[in-house]
1. Considering the range 40-61 alone, what residues qualify as being outside any helix (DSSP H, G or I) and within 21 Å of the chain's Cα centre (by Cα)?
2. Just to be sure I understand the filter: pairs with C-beta atoms under 8 Å, separated by 6 or more residues or on different chains, first member in the range 157-184 and charged (D, E, K, R), second member open to solvent by less than 40 Å² (accessible area, probe 1.4 Å) and assigned to a loop (DSSP other than H, G, I, E, B). Which pairs pass?
3. Restricting to the range 180-195, name every residue that is open to solvent by 10 Å² or more (accessible area, probe 1.4 Å), touching an Asp or Glu at 6+ places or on another chain (Cβ under 9 Å) and either among the aliphatic types (A, V, I, L, M) or more than 14 Å from the ligand (Cβ to nearest atom) (or both).
4. Provide a single number: the residues in the range 3-33 that are at pLDDT below 95, within 18 Å of residue 181 (Cβ to Cβ) and more than 12 Å from the ligand (Cβ to nearest atom).
5. Within the range 124-144, how many residues turn out to be open to solvent by 80 Å² or more (accessible area, probe 1.4 Å) and under 18 Å from residue 108 (Cβ atoms)?
6. Give the range 145-164 a look and list any residue that's out of contact with any helix residue (DSSP H, G or I) (no Cβ under 9 Å at 6 or more places or on another chain) and either aliphatic (A, V, I, L, M) or surrounded by 15 or more Cβ atoms within 10 Å (Cβ to Cβ) (or both), or say none.
7. Taking the range 47-65 only, how many residues are touching a residue at least 40 places away in the same chain (Cβ under 8 Å), away from the ligand (no atom under 11 Å from the Cβ) and either among the hydroxyl-bearing types (Ser, Thr, Tyr) or more than 20 Å from residue 24 (Cα to Cα) (or both)?
8. Considering only residues that are away from the ligand (no atom under 13 Å from the Cβ), under 14 Å from residue 147 (Cα atoms) and open to solvent by less than 20 Å² (accessible area, probe 1.4 Å), which ones fall in the range 84-123?
Amino acid sequence: MSKADDHIVILTGAGISAESGLGTFRDVGGLWSRYDWRDLATPEGFARDPGFVLAFYNWRRERVRAARPNPAHEALARLQRHWPGRVTLITQNVDDLHEQAGSEDVIHMHGNHLGALCAACGHRWPAPEAMAAADPCPACARPATRPDVVWFGETPCHMDRIGAALATARLFVSIGTSGTVCPAAGFAALARKSGARTLELNLGRSENTDHFDEARHGPATDLVPAWVTALLG
Ligand code: BV8
């Protein structure tokens with residue numbers, strides 16, 4: 001593949017940031033094996049105990065601040081710079097390591113934790129270092145501050161853009177995701193339906209490895225730079 005009209009669509013998950021020291025969700029010792037996602041990643045959990053949820057996201061925001069992009073993030077930024085065709089980068093991650101590596105126009109379908117959202121009026125603003133439930137919204141002044149991330153049962157962001165990208169993909173590549181969470185878990189099958197070739201780069205078999213024409217298993221910092229170098233020749 002090297003034609004200028006070849007559109008590559010990439011989906012990343014927590015696994016691409018694992019070697020930057022950020023935890024994944026469903027691996028052994030992952031976040032959802034230590035905390036109950038119903039308490040921390042649902043609107044109901046936030047309504048029950050906003051302080052607990054905000055403390056969790058403050059802690060994760062602090063860890064992202066200390067993290068640096070790894071060679072897998074850097075390789076994708078290199079691909080975006082040098083590939084003659086379109087590259088659409090979709091991430092389920094709420095960290096900003098793709099942007100720190102130089103990637104542009106990253107589609108954060110589950111939001112991004114550098115943003116704050118008012119649960120009352122929908123106003124968005126840059127997240128403070130530490131978010132507190134009593135923080136007044138800069139627009140409506142009501143104490144309804146929450147992280148600008150998508151929780152379970154909420155609608156993912158940019159789904160129109162994502163659907164349009166999957167419909168014109170020639171190659172769909174999934175990197176570092178367990179293929180557990182919908183609708184992202186269905187993207188490979190959608191891309192395939194539009195005639196795309198599908199490739200999985202993941203530490204191990206994901207829940208939807210069978211949706212892929214090819215699967216390479218190993219650490220992202222090995223697989224992704226090698227794949228990008230081979231693609232760019
Ligand atoms: C939606 C918040 C409708 C942000 C997260 C029953 C009840 C309720 C809901 C549902 C239900 N059944 C289905 C649903 C829908 C639900 C869902 O899918 N639930 C599943 C779990 C059953 N989905 C939703 O609710 C979504 N909304 O469906 O709305 C809709 C749909 C379409 C259009 C309009 C409306 C919203 C989902 C968002 C949930 N938000 N977190 C945050 O705090 O981060 S969940 C969490 O999971 C994160 O967002 C994360 O991004 C996401 C996916 O996880 P992964 O990234 O894949 O991480 P994981 O740990 O699972 O896997 C890591 C992988 O990396 C592993 O495979 C591992 O092997 C690999 N790896 C590890 N190290 C490395 C590596 N790979 C390479 N190199 C390494 N070094």
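1. Selection gives 41, 42.
2. Once the first residue is charged (D, E, K, R) and sits in the range 157-184, its partners that are open to solvent by less than 40 Å² (accessible area, probe 1.4 Å) and assigned to a loop (DSSP other than H, G, I, E, B) give 170/6; 170/7; 170/85; 170/196.
3. Let us first name the residues in the range 180-195 that are open to solvent by 10 Å² or more (accessible area, probe 1.4 Å), namely 180-183, 185-186, 189-190, 192-195.
With touching an Asp or Glu at 6+ places or on another chain (Cβ under 9 Å) added as a condition, the list becomes 180, 185, 192.
Residues satisfying the conditions are 185, 192.
4. Adding up the residues that qualify gives 0.
5. 2
6. From the range 145-164, those out of contact with any helix residue (DSSP H, G or I) (no Cβ under 9 Å at 6 or more places or on another chain) are 148, 150, 155, 157-161, 164; that's our starting set.
Matches in the range 145-164: 148, 150, 157, 159, 164.
7. 2
8. Result: 116, 118.
The values are calculated or read from the model by the stated rules, or taken from the named source; none is laboratory data. Computed from a predicted structure; not experimentally measured. FYI the Cβ positions are ideal-geometry reconstructions off the backbone, even for glycines, and counts take in every protein chain you see. SASA here: full protein model, heavy atoms, side chains in, ligands and nucleic acids out. Shrake-Rupley method; radii C 1.70, N 1.55, O 1.52, S 1.80 Å.
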